[in-house]
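Undergrad: The structure follows.
The values are calculated or read from the model by the stated rules, or taken from the named source; none is laboratory data. Everything numeric in this text was worked out from a predicted model, so none of it was measured. Neighbour counts are summed over all protein chains in view; Cβ atoms, including those assigned to glycine, are modelled from backbone coordinates with ideal geometry.
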Amino acid sequence: MIILAVESSCDETSVAIVKDGKTVLSHVILSQIDIHQAFGGVVPEIASRNHVVHMTRVFDEAIKQAKITTEAIDLVAVTKGPGLIGSLLVGINAATAFAFAHQKPLIGVNHLVGHIYAANIEYEIQFPALALLVSGGHTELLYIKDHLEIEMLGTTLDDAVGEAYDKVARTLGLSYPGGPIIDKLAQEGEDTYHLPRVYLDKDRFDFSFSGLKSAVINVVHNANQKGETIRVNDMCRSFQESVLDVLVDKTKRAAELLDVKQIILAGGVAANQGLRKRIQSEIKKRELLIPSLIYCTDNAAMIGIAAYYQYQKEGAHPNYLLGGESTISFPKYTKDEL
Ligand code: KG4
Ligand code: ZN
């Protein structure tokens, strides 16, 4: 089954052609990062407008690179949410128009489910699995019982981890997006600032990162008032160590409690070198699925992979009427242990 997939939930315009929930035949990602850098973050209105400008070209390029004709496409898939509503609507309208014009079935995919299924490109997801989904908008530990049977063990109560990275980077005068820069500088620094580790309840799986972000801001403001300079590399390392201690500890505990076969790293923050190394060194008993960097950050291939499994289960959307839904989430895990 050949699927054309579209992703436009934030600032990447992406179209991919994938086969049978596994093989990526072509994959085009047009990033707007350089446009938004000037503003220190994604400006939703500018993101939507740029999706409109580039979407058709990205469609054409993906079809050309896959060396297929439009007749060969069996299904059109598109991210329906969560994400920036204006950006989502551009992708949804483009995918709907394409599907309608070529008389192909259409399916809307949850962006977070897409991030999880990115792992199926280079590995094979087996159940039960645990996903640590860490991105600019989400920090979630998810229990995956079977294909598309996903329950939430815990989520962030305030800032998402990627959001905390981006805000700390801004406080330190680093550019957007902050995650990759902090990650790089952290490798050249030491954990000398001893920032707090916010575990909340150690036996539960919710997260909180706004206190840690405030701790960094306080240290920076105090130093500024005293005319002292911040050792930026050390601050990046201290911040990153604090984040990783909590993420890895909770992931290990959840994996033990639910005795999962695999642990999947997903989302933009899964590109973090520190996180990738730490989780590999601390989790030996279970198979780790850590996608290549290109499949961690936003991309359409992951949407096409998830769409394949969703189509087997639910079929296509009946009448080409998909709305942008910016707040789709998972049901809460309700077993007594939590
Ligand atoms: O999944 P993603 O591309 O978009 C969302 O769905 O949010 O994630 C983007 C987030 C940004 O906050 C960015 O700073 C973070 O992922 N990120 C990283 C790294 N690369 C991207 N955070 C930490 N370390 C990285 N290497
Ligand atoms: Zn994402």
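Undergrad: Which one is surrounded by the fewest Cβ atoms within 10 Å (Cβ to Cβ), of the residues in the stretch 244-262 that are of a type in the set (A, V, I, L, M, F, W, C) and under 25 Å from K184 (Cβ atoms)?
TA: V248
Undergrad: Something else about it: Hey, among L75, L88, L112, which residue is assigned by TED's automatic domain parsing to the domain that holds L25 and away from ligand 1 (no atom under 16 Å from the Cβ)? Can you show your working first?
TA: Details: L88 fails: away from ligand 1 (no atom under 16 Å from the Cβ); L112 fails: away from ligand 1 (no atom under 16 Å from the Cβ).
The unique qualifying residue is L75.
Results for (1) within 16 Å of ligand 2 (Cβ to nearest atom); (2) among the β-branched types (V, I, T); (3) more than 22 Å from K252 (Cβ to Cβ), shown as yes or no for each residue.
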| site | (1), (2), (3) |
| --- | --- |
| A131 | yes, no, no |
| S135 | yes, no, no |
| T139 | yes, yes, no |
| Y143 | no, no, no |
| H147 | no, no, yes |
| E151 | no, no, no |
| G154 | no, no, no |
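Undergrad: OK, next. If E241 passes every condition in (1) assigned to a loop (DSSP other than H, G, I, E, B); (2) surrounded by 14 or more Cβ atoms within 10 Å (Cβ to Cβ) but one, which one does it miss?
TA: Looking at each condition in turn, E241 falls short on (1).
Undergrad: Is it the case that the stretch 282-293 has a residue that's within 13 Å of the chain's Cα centre (by Cα) and in a helix (DSSP H, G or I)?
TA: The answer is yes; a qualifying residue exists.
Undergrad: Going by what's in this entry, would G40 be described as surrounded by fewer than 17 Cβ atoms within 10 Å (Cβ to Cβ) and part of a loop (DSSP other than H, G, I, E, B)?
TA: Criteria met by G40.
Undergrad: A further question on this structure: Being in contact (Cβ under 8 Å) with a residue 24 or more places away in the chain, assigned by TED's automatic domain parsing to the domain that holds G178 and under 19 Å from the mean Cα position of the chain (by Cα) is the requirement here; does L258 meet it?
TA: For L258, the condition - in contact (Cβ under 8 Å) with a residue 24 or more places away in the chain, assigned by TED's automatic domain parsing to the domain that holds G178 and under 19 Å from the mean Cα position of the chain (by Cα) - is not met.
Undergrad: Another question about this same structure. Restricting the search to the stretch 142-151, which residues are part of a strand (DSSP E or B) and away from ligand 1 (no atom under 16 Å from the Cβ)?
TA: Listed by number, the residues that qualify are Y143, I144, K145, D146, E149, I150, E151.
Undergrad: When the stretch 269-297 is examined, which residues are found to be out of contact with any Cys (no Cβ under 6 Å at 6 or more places or on another chain), over 15 Å from I125 (Cβ atoms) and within 16 Å of ligand 2 (Cβ to nearest atom)? Quick ask: steps written out before the conclusion?
TA: Step one: of the stretch 269-297, the residues out of contact with any Cys (no Cβ under 6 Å at 6 or more places or on another chain) are 269, 272-297.
Going one step further and asking which of them are over 15 Å from I125 (Cβ atoms), we end up with 269, 272-285, 292-294, 296-297.
Correct list: V269, N272, L275, S292, L293, I294, C296, T297.
Undergrad: For the stretch 161-180, give me each residue that is near ligand 1 (Cβ under 8 Å from one of its atoms) and either of a type outside the set (F, W, Y) or at positive phi (or both).
TA: V161, G162, E163, D166, A169, P177, G178, G179, P180
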